[in-house]
Amino acid sequence: MTLHQFAYRNVVRNFRIYAAFFMASFFSVFVFFIYSMLVFHPEIEDGLLGNVPILGMVIAEVILVLFSWFFIFYSMKAFLEARGKEFAILLHLGMEKRQLSKLIFLETLLIGTISIFLGMIFGYAFSKFFFMIVREILMLEDLPLYFSWKPFLLTVTVYSSAFIVITKLSVNLSSERKLIDYMKGHKNEIVHKSYSRKKAILAMVLIAAGYLLALFTTKATVISIASLVLLCITVGTYLFFSDTTQYLLEAIRKKKKLYWKNANMLSIAEQTFIMKNNGRMFFIVTMVSSLAFLCIGTLATLSSYTSQYDKLNPLGLIYKGHTDNPYEEMHISSIVKQLEDKGLSYHMTHFDVVKQTSSFTQFEVEVFRESDINSLLFSYGYPMVRLLPGEAMFIPYTEESIKELSKTKVRTVLVENHIPITIDRVYPELIFPSSIVSLNSIIISDGDFKKLKKPFSGFPDEEPGYHLFTFDIPQWIETTDIGLDIFRIVSNEYLKDKYSLPFYFENAGLSYSYLLATYSLFTLVGLLVAAVFLLAAGSFIYFKLYTNLDAEKRKFDVLKRMGLADNELKTLVSHYLFPQFFLPWGIAMMHIIFAFFMLQKILQDIANISIVKEFVLSFVLLVLVQVIYYYLIRWRYIAHVRN
């Protein structure tokens with residue numbers, strides 16, 4: 001029998017150990033390949049619809065590559081530990097260490113080749129269905145299945161190099177072991193590590209500090225604080241599993257009533273051993289799970305924004321320009337003509353907005369006329385505004401501002417024209433998107449508005465006001481091709497250092513189509529990446545469980561001979577497995593809960609978006625997946641230790 005045949009039979013014989021590694025590698029290759037098929041597609045458009053989602057694909061591919069290399073490296077270490085006795089027999093029979101290294105290399109290369117081959121085959125078969133979804137998402141006319149050597153070459157290059165390089169490194173960097181150590185197996189690798197009480201307490205302090213920073217983060221401090229939060233959480237989590245868990249278990253052992261109750265002594269003693277030897281593995285599982293949960297939670301956030309887009313943007317089209325804008329008539333005529341040609345019903349309102357200085361704040365305030373506002377409110381079907389001379393009303397800019405401004409009463413004077421007004425109300429609904437009106441916008445009566453003869457004190461250095469044209473369109477989603485020329489001019493101007501156009505244009509239907517396309521494609525990307533992360537996180541635990549399975553079977557055999565009943569065996573197995581699954585995932589969940597507290601606060605400040613509902617739903621779904629995965633592994637584990 002040749003060495004190649006021997007390697008093949010070893011892979012088949014040890015399929016139990018290789019199964020999780022193969023499935024995670026296969027799924028990783030599968031996801032990477034279908035991403036590559038889309039990235040290299042010859043008919044992907046070069047516009048915004050194509051570029052933004054494809055950039056997300058490239059980022060996802062880079063993350064997958066980095067994570068795959070790390071996962072393969074960790075898996076190799078687990079395989080080498082699990083097969084210590086087998087290596088000892090081969091060395092005892094005369095195999096040279098050079099030959100043993102070659103055998104390991106051939107086995108891993110065989111598994112890698114199969115996972116790469118099947119991943120690409122299934123990926124190519126699934127690509128047609130994937131392109132159909134992407135075509136609808138990106139609203140492309142056609143996105144046919146194609147054949148090109150580029151996705152195949154990229155996938156083979158990335159994953160072949162991963163298997164070859166990491167296998168060589170794992171074998172060469174593994175510590176030298178004597179034959180007797182191999183014969184004793186993995187149980188000789190017990191890490192006799194004592195914990196540090198100071199590090200244990202420091203871990204809890206760092207994690208608590210990270211949580212507090214997350215709670216008090218604002219949109220102004222998010223950039224500076226986010227990296228500090230990440231550092232505190234990462235270091236704190238590592239110290240938690242290396243020291244704090246042992247510190248807590250030691251405290252439990254001192255509670256004699258609890259420690260000596262029923263079979264708690266066996267469970268706690270076993271957990272002490274597990275935490276001493278697997279702290280790094282639990283840290284890795286926690287951080288990887290956090291990435292997966294964060295990915296899914298971010299998708300929930302995007303879903304919340306898309307679902308609330310209509311409420312946050314009540315107008316279909318908005319055109320805003322200087323009072324002396326030379327393009328105004330041409331642009332408005334073009335927009336109206338395009339709406340009529342397409343047969344879309346609309347209600348256009350023209351606002352002459354005047355800037356004045358408030359004596360109360362000494363800042364500028366944007367003043368709207370009552371009749372203009374009522375024209376738009378009539379289109380919305382909202383209650384009309386009724387103001388007497390000297391009365392004024394706040395225009396809300398967010399949902400939260402309605403509550404805040406309803407409790408505010410201001411007596412002020414419009415300085416330039418000496419008009420005293422009292423502002424003691426706020427309109428109870430959002431009238432304009434927050435990007436259109438300023439934080440200081442009010443409505444006054446038509447009589448008071450006519451008295452605004454003198455311009456804003458900042459004129460001519462600053463605009464004395466502006467003209468605003470709003471289009472309330474019931475079928476606003478169908479406006480994607482209205483005003484495209486104006487939209488492109490505005491978009492190109494935003495790419496420059498300074499915005500200098502005398503006009504501004506928003507198309508809610510077009511913006512929503514971009515947002516929905518990007519979100520939908522990111523959902524596909526994110527869910528597949530999250531699935532890879534979750535599968536790998538579970539695989540880390542799987543490797544450790546089955547690496548030590550023979551030793552654990554012997555322990556349970558001894559207990560069964562001592563009279564351990566079947567239901568007691570199940571209880572002990574549950575006590576043994578439960579912390580390994582739910583402690584790292586529980587810590588990961590805590591990290592993500594506080595991360596989304598931070599995200600919720602920032603989104604509330606920026607766009608008045610609530611993600612609580614979406615986050616709770618995704619949280620419950622993740623917990624359900626974890627519970628199912630736990631009971632599946634528990635079922636198989638009990639079946640193994642019974643035999």
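The values are calculated or read from the model by the stated rules, or taken from the named source; none is laboratory data. The structure presented is a predicted model; accordingly, all values stated were derived computationally and were not measured. Heads up, the Cβs are rebuilt from the backbone with ideal geometry, glycines too, and the neighbour counts pull from every protein chain shown.
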Residue pairs meeting the criteria (Cβ under 6 Å; at least 6 apart or on separate chains; first in a loop (DSSP other than H, G, I, E, B), in region 442-454; second surrounded by 14 or more Cβ atoms within 10 Å (Cβ to Cβ) and of a type in the set (A, V, I, L, M, F, W, C)) = S445/L387; K451/I419; L452/V354
Test I54 against the criterion of being in a helix (DSSP H, G or I), over 30 Å from F131 (Cα atoms), among the β-branched types (V, I, T) and at pLDDT below 75, and give yes or no.
-> no
Considering each residue of region 460-492, count those that are without any contact (Cβ under 8 Å) to a residue 40 or more places away in the chain, under 27 Å from D372 (Cβ atoms) and not aliphatic (A, V, I, L, M), and give that number.
-> 3
Within region 492-516, track down each residue that is at pLDDT 85 or above and hydroxyl-bearing (S, T, Y).
-> Y504
List every residue pair whose Cβ atoms lie under 8 Å apart, where the two residues are 6 or more positions apart in sequence or sit on different chains, the first residue falls within region 311-327 and is assigned by TED's automatic domain parsing to the domain that holds K355, and the second residue, located anywhere, is among the charged types (D, E, K, R) and part of a loop (DSSP other than H, G, I, E, B).
-> H322/E463; T323/E463
Tell me which of these D352 doesn't satisfy, since it passes every other one: (1) surrounded by fewer than 18 Cβ atoms within 10 Å (Cβ to Cβ); (2) more than 23 Å from D324 (Cα to Cα).
-> (2)
Name every residue in region 403-425 that is more than 14 Å from M393 (Cβ to Cβ) and β-branched (V, I, T), in order of residue number.
-> V413, V415, I419
Check on V612, surrounded by fewer than 17 Cβ atoms within 10 Å (Cβ to Cβ), among the β-branched types (V, I, T), at pLDDT below 75 and more than 30 Å from K553 (Cβ to Cβ) = yes
So which residues in region 324-349 are surrounded by 12 or more Cβ atoms within 10 Å (Cβ to Cβ), out of contact with any strand residue (DSSP E or B) (no Cβ under 8 Å at 6 or more places or on another chain) and modelled with pLDDT under 90?
-> K342, L344
Taking the options L80, L140, name whichever one is assigned to a loop (DSSP other than H, G, I, E, B) and at pLDDT below 70.
-> L140
Considering residues of region 533-558 that are more than 19 Å from Y630 (Cβ to Cβ) and modelled with pLDDT under 70 only, the residue surrounded by the fewest Cβ atoms within 10 Å (Cβ to Cβ) | A551
Subset tally (residues that are over 19 Å from I318 (Cα atoms) and of a type in the set (S, T, N, Q)) for region 338-374 | 6
Within region 361-413, considering residues that are basic (K, R) and in contact with an Asp or Glu (Cβ under 7 Å, 6 or more places away or on another chain), the one surrounded by the most Cβ atoms within 10 Å (Cβ to Cβ) | R369
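Within region 351-362, identify whether any single residue is in contact with a Lys or Arg (Cβ under 8 Å, 6 or more places away or on another chain), of a type in the set (A, V, I, L, M) and either modelled with pLDDT under 90 or more than 29 Å from E478 (Cα to Cα) (or both), and answer yes or no. Quick ask: steps written out before the conclusion?
The initial filter retains those residues of region 351-362 that are in contact with a Lys or Arg (Cβ under 8 Å, 6 or more places away or on another chain), namely 351-352, 360.
Checking the rest, the ones that are also of a type in the set (A, V, I, L, M) come to none.
No; the residues of region 351-362 include none that is in contact with a Lys or Arg (Cβ under 8 Å, 6 or more places away or on another chain), of a type in the set (A, V, I, L, M) and either modelled with pLDDT under 90 or more than 29 Å from E478 (Cα to Cα) (or both).
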Residue check, K454 loosely packed, with under 14 Cβ neighbours inside 10 Å and not aliphatic (A, V, I, L, M) = no
